[in-house]
Amino acid sequence: MPEPDGPFECGTCETPVAFEDARRTKTMGGLDATKWQTLCCPSCGSRLKTVFVGG
Ligand SMILES: [Zn+2]
């Protein structure tokens, strides 16, 4: 299973967020939640990236 790279820089608070520190949420738009997760900034909650986590 591919491991997404990090850290992801938050565009809102400019904090680099490590993959393991990002909050995981379901994606918008009905993508399969077992395969796709949206990473969100733990500081401000902004969406960082949608990543493929398995499948
Ligand atoms: Zn942020």
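Brief remarks follow.
- Relative contact order for the chain, counting Cα pairs under 8 Å that sit 6 or more residues apart, in percent: 36 percent
- Backbone amide hydrogens, once placed in the peptide plane, bring Trp36 within less than 5 Å of Val53, excluding anything fewer than 5 places away on its chain.
Each reported figure results from applying straightforward, stated rules to the coordinates on display, with no laboratory input. Quantities reported herein were computed from a predicted structural model and do not represent experimental measurements.
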